[in-house]
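Chemist: Got a structure for you, questions after.
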Amino acid sequence: MRWLDRVLPNIVAITAAHPKRTIFTRFIPARKPGQGVGMWRHYYERWGSMTIDELGPEMIGLVPDLAKFVPPARTFDKHVYSPWTGSDLHQQLRSAGIDTVIITGGETDVCVLSTMLGAIDWGFRVILVTDALCSSADETHDAMMNVYTNRFGEQVETVTTEILLGSWRAELPGRKVS
């Protein structure tokens, strides 16, 4: 929870700036051990503690600080790490004229990674907000941040919340930028 506490204010600030343009993706695990397809079944047999019956349904909801933005923000549920697999998310975004995906949230080394790779594969401009990403393990978070900035430097932009919000303020009509 330490990471979430640290990044949540940044995610809230980003969401507050454009709630209508925000999509929260939620990983929805299997209801009980033994459910799932293929290796997901094996995963839930091994990690029964990660099922809805064990976690409780309240653990798959958005945290209250983010839930207050829905609506106008939208929630997109997924049963695998990637929001792009088995969904029409890319078509929804393209149909709305969206060409850039700004990624915040967690887990840096699982869902964020999968979201980023899919966005790259679909040809979106990808922006990772470095101080609005978290993981349950510092070691893998730090390793992934290194991969994001070094291996994907041509396909992914990394910014801080302050830089992102500052760029949006600079784009407002009638505002002078010095």
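The values are calculated or read from the model by the stated rules, or taken from the named source; none is laboratory data. The shown structure was predicted, so the numbers you read here are calculated from the model rather than taken from an experiment. Counting neighbours? That spans all protein chains shown, and the Cβs are built from the backbone with ideal geometry, glycine included. With ligands, DNA and RNA removed, areas are computed over all heavy atoms of the protein, side chains included. Shrake-Rupley method; radii C 1.70, N 1.55, O 1.52, S 1.80 Å.
Chemist: Name the single residue that is surrounded by the fewest Cβ atoms within 10 Å (Cβ to Cβ) among those in region 108-144 being in contact with a strand residue (DSSP E or B) (Cβ under 8 Å, 6 or more places away or on another chain) and in a loop (DSSP other than H, G, I, E, B).
Modeler: The residue in question is S136.
Chemist: Wholly within region 1-107, which helices (runs of 4 or more DSSP H) include no fewer than the required count, namely at least 3 residues that are open to solvent by less than 40 Å² (accessible area, probe 1.4 Å)?
Modeler: 2-17, 89-95
Chemist: When you scan region 3-13, do you find a residue that is touching a strand residue (DSSP E or B) at 6+ places or on another chain (Cβ under 7 Å), aromatic (F, W, Y) and over 17 Å from D77 (Cα atoms), even just one?
Modeler: Yes, there is a match, as at least one residue in region 3-13 is touching a strand residue (DSSP E or B) at 6+ places or on another chain (Cβ under 7 Å), aromatic (F, W, Y) and over 17 Å from D77 (Cα atoms).
Chemist: May I pose another question? Of a type in the set (S, T, N, Q) and closer than 23 Å to L164 by Cα: is that true of T51 in this structure?
Modeler: Answer is no for this residue.
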